[in-house]
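Visitor: Below: one structure in structure tokens.
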Amino acid sequence: MSDTRIGVGVIVIRDGLVLLGLRQGSHGADMWAPPGGHLDDDESVEQCAARELLEETGIVARAWHAGPYSMNDFAEIARRYVTLFVVVTHGEGDAQVREPDKCARWQWCAWDALPRPLFAPFASVVARGWSPFAASW
Ligand code: 8DG
Ligand code: MG
């Protein structure tokens, strides 16, 4: 793959649950993914996480931590994505569908009963056995 991009995934945890959305209209459509998007040239990873979270859900990030990363090849769009995950341990506000063309609905999910199929970058860290609930943030 000669085209590598950086994505940021935002893992919001609240009351023992994690926020996932059903993707629409792009690669990974009809798969469950955390909020997120492309890292812009002029922002930090944390700024990107807070911006994407606000744009897509209306939730304001109040506390966050660096999470894991994953690397995934998407043959259908001939791109490799490096996804940097940020864990938001305190987010303010309810999850709203702010970009209905990109996400059909948000759902707070139990880690031991995640919906499927999961979008590949998030599926990678789950498959590795990583959990946001194993750490004492
Ligand atoms: P943007 O172009 O407006 O910045 O982003 P977007 O419109 O929100 O696009 P997106 O498809 O939600 O995310 C941009 C890319 O980031 C997407 O093509 C794939 C990549 N990406 C990962 N991992 C993750 C992830 O865990 N969640 C989300 N939402 N996107 C991710 O590589
Ligand atoms: Mg997005």
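Visitor: Looking at the stretch 118-137, I want the residues that are touching a residue at least 60 places away in the same chain (Cβ under 8 Å) and have a partner that is open to solvent by less than 80 Å² (accessible area, probe 1.4 Å) and of a type in the set (Val, Ile, Thr) with Cβ atoms under 6 Å, at least 6 apart or on another chain. Which pairs are those?
Guide: Once the first residue is touching a residue at least 60 places away in the same chain (Cβ under 8 Å) and sits in the stretch 118-137, its partners that are open to solvent by less than 80 Å² (accessible area, probe 1.4 Å) and of a type in the set (Val, Ile, Thr) give PRO121/THR83; PRO132/ILE11; PRO132/ILE13; PRO132/VAL87; TRP137/THR89.
Visitor: Let me ask something else about it. Taking interchain pairs and intrachain pairs at least six residues apart, which have beta carbon atoms under 9 angstrom, with the first residue in the stretch 30-52 and on the phi > 0 side of the Ramachandran plot and the second among the hydroxyl-bearing types (Ser, Thr, Tyr) and in a strand (DSSP E or B)?
Guide: Listed by first residue and then by second, the contacts come to GLY36/THR83.
Visitor: Separate question: Residue check, SER2 against (1) exposed (fewer than 14 other Cβ atoms within 10 Å of the Cβ); (2) touching a helix residue (DSSP H, G or I) at 6+ places or on another chain (Cβ under 9 Å), all met but one. Which one?
Guide: All conditions pass for SER2, except number (2).
Visitor: Still on this structure, I have one more. Confirm whether ARG23 is more than 13 Å from ligand 2 (Cβ to nearest atom) and basic (Lys, Arg).
Guide: Numbers: more than 13 Å from ligand 2 (Cβ to nearest atom): no; basic (Lys, Arg): yes.
Criteria not met by ARG23.
Visitor: Find all pairs meeting these conditions: Cβ atoms under 8 angstrom apart; at least six residues apart or on different chains; first residue within the stretch 81-107 and on the phi < 0 side of the Ramachandran plot; second residue in a loop (DSSP other than H, G, I, E, B) and open to solvent by 70 Å² or more (accessible area, probe 1.4 Å).
Guide: Going by the 8 Å Cβ cut-off, the qualifying pairs are VAL87/TRP137; THR89/TRP137; ASP101/GLY25; LYS102/GLY25; TRP106/GLN96.
Visitor: What about GLY67, is it over 20 Å from GLY28 (Cβ atoms) and either charged (D, E, K, R) or modelled with pLDDT of 95 or more (or both)? Write out each step before concluding.
Guide: Numbers: over 20 Å from GLY28 (Cβ atoms): no; either charged (D, E, K, R) or modelled with pLDDT of 95 or more (or both): yes.
Against the criterion (over 20 Å from GLY28 (Cβ atoms) and either charged (D, E, K, R) or modelled with pLDDT of 95 or more (or both)), GLY67 does not qualify.
The values are calculated or read from the model by the stated rules, or taken from the named source; none is laboratory data. Quick caveat, the model's predicted, so the values are computed rather than measured. Ideal geometry is used to build each Cβ from the backbone, glycine not excepted, and the neighbour counts take in all protein chains shown. To get the accessible areas, we keep the full protein, side chains included, count just its heavy atoms, and leave off ligands, DNA and RNA. Shrake-Rupley method; radii C 1.70, N 1.55, O 1.52, S 1.80 Å.
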